[in-house]
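Worksheet: the structure to be examined is printed underneath.
The values are calculated or read from the model by the stated rules, or taken from the named source; none is laboratory data. Everything quoted here is computed from the prediction, not taken from an experiment. Note that we place each Cβ from the backbone using ideal geometry, even for glycine, and neighbour counts take in every protein chain shown.
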Amino acid sequence: MGRNIFSHATISESLSREKFGHPLYFYRSIDSTNNEAKILASKGAPEGTLVVADEQTAGRGRFNRRWFTPRGSGLAVSLILRSKLSKDHISHISILGSLATVYAIEHLCNASLKLKWPNDIWINQTKVAGVLVEISYNIEVPEWLVLGIGINVNAKPSELTNSSYPVSFLANITGHKVDRVNLLQQLVRNVGILYNQLGENSIIEKWEERMLWKGQHVAVIDSGNNATEGIVLGLSPNGSLLIQLPNGKKSEIYSGEIRLI
Ligand code: BTN
């Protein structure tokens, strides 16, 4: 474990037989791989273009939070996709990204992972990875999508992204360093496999199998800090959160942050 040097040459060799990951842009340090991928996508970069950085100086998370990727410690990757998914199924991209991340980590680490809606990856009650999807539309149809994935691999970020939940890293769980080149290869392979299931209910069912707090009482906080309380029922076919309200009615929630209460 931990044998591969994290470089353009090793990553490009490991991805040579994968569907995605070509062309590959590798940076020792960059502000945000998502920023770079968005620039490349808007200039016409093809589906499958992958941006990888050893360090991010201004990595971004959901709700404009910071995401920390100190040098040598994690995975910060952004993949350009050009799927023509309908607006109804657009959240399948982040569902795909979080599932691909879970399967990649489980392939290399002896751990069982959970998914916290909408797309946080948790092990043992701590967050180890997150997904940020950014989309440019041409009228109703996506022109390009950037699937950004950040994984805390061999060190905990020195600054925390968000203090509302505990953060961890893979080596802390496994007790050994994890090879980032192998992890990235698994991740890109899984995205390629799951890509064929976009728009189908099978991807939703796979995600639901991992769903954190299913059947439990939660509060969902929206961007205006309003809370909706209820019991987690699962995901709807479009990826929204289904909860049962205290009055027994079902409600679909499209964005927000879940907390256990
Ligand atoms: C979250 O949990 O809020 C999402 C975190 C997403 C972080 C990744 S790291 C690679 C890519 N580049 C970014 O600036 N953000 C995403």
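Computed quantities for the displayed model
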read-out	value
Count - residues of the range 235-245 that are free of Cβ contacts under 8 Å to residues at least 40 places away in the same chain and either among the aliphatic types (A, V, I, L, M) or part of a strand (DSSP E or B) (or both)	4
Check on SER98, within 14 Å of the ligand (Cβ to nearest atom) and at pLDDT 95 or above	yes
Positions within the range 60-82 being of a type in the set (S, T, N, Q), out of contact with any helix residue (DSSP H, G or I) (no Cβ under 6 Å at 6 or more places or on another chain) and within 24 Å of PHE26 (Cβ to Cβ), in sequence order	THR69, SER73
Enumeration of residues in the range 80-95 that are within 14 Å of the chain's Cα centre (by Cα) and either at pLDDT below 95 or near the ligand (Cβ under 10 Å from one of its atoms) (or both)	SER94
In the range 211-234, the residues that are assigned to a loop (DSSP other than H, G, I, E, B) and modelled with pLDDT of 95 or more	LEU212, TRP213, LYS214, GLY215, GLN216
Some residue of the range 105-112 being modelled with pLDDT under 95 and over 23 Å from PHE6 (Cα atoms)	yes
Any pair with Cβ under 6 angstrom, 6 or more apart, that starts in the range 166-183 at a residue that is without any contact (Cβ under 8 Å) to a residue 40 or more places away in the chain and ends at one that is surrounded by fewer than 18 Cβ atoms within 10 Å (Cβ to Cβ)	ALA171/LYS177
Residues located in the range 1-57, provided they are within 15 Å of the ligand (Cβ to nearest atom), charged (D, E, K, R) and not in a loop (DSSP other than H, G, I, E, B)	GLU36, LYS38
Subset of the range 3-30 [farther than 21 Å from GLY97 by Cα and surrounded by fewer than 15 Cβ atoms within 10 Å (Cβ to Cβ)]	ARG3, ILE5, SER7, HIS8, ALA9, GLU13, ARG28, SER29
Checking ILE261 against (1) touching a residue at least 24 places away in the same chain (Cβ under 8 Å); (2) of a type in the set (Val, Ile, Thr); (3) surrounded by 14 or more Cβ atoms within 10 Å (Cβ to Cβ); (4) over 27 Å from ASN110 (Cα atoms), the condition it does not meet	(3)
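Every residue, every condition in (1) more than 16 Å from the ligand (Cβ to nearest atom); (2) under 24 Å from ARG65 (Cα atoms); (3) among the β-branched types (Val, Ile, Thr); (4) surrounded by fewer than 18 Cβ atoms within 10 Å (Cβ to Cβ), yes or no:
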{"site": "ILE123", "(1), (2), (3), (4)": "no, yes, yes, no"}
{"site": "VAL128", "(1), (2), (3), (4)": "no, yes, yes, no"}
{"site": "LYS156", "(1), (2), (3), (4)": "no, yes, no, no"}
{"site": "GLY175", "(1), (2), (3), (4)": "yes, no, no, yes"}
{"site": "VAL181", "(1), (2), (3), (4)": "yes, no, yes, no"}
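Listed here are the residues, each with its yes/no results for (1) touching a Leu at 6+ places or on another chain (Cβ under 9 Å); (2) in a loop (DSSP other than H, G, I, E, B); (3) in contact (Cβ under 8 Å) with a residue 12 or more places away in the chain; (4) crowded, with 24+ Cβ neighbours inside 10 Å.
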residue	(1), (2), (3), (4)
ARG71	no, yes, yes, no
ALA76	no, no, yes, yes
LEU79	yes, no, yes, yes
LEU96	yes, no, yes, yes
TYR103	yes, no, yes, no
HIS107	yes, no, yes, no
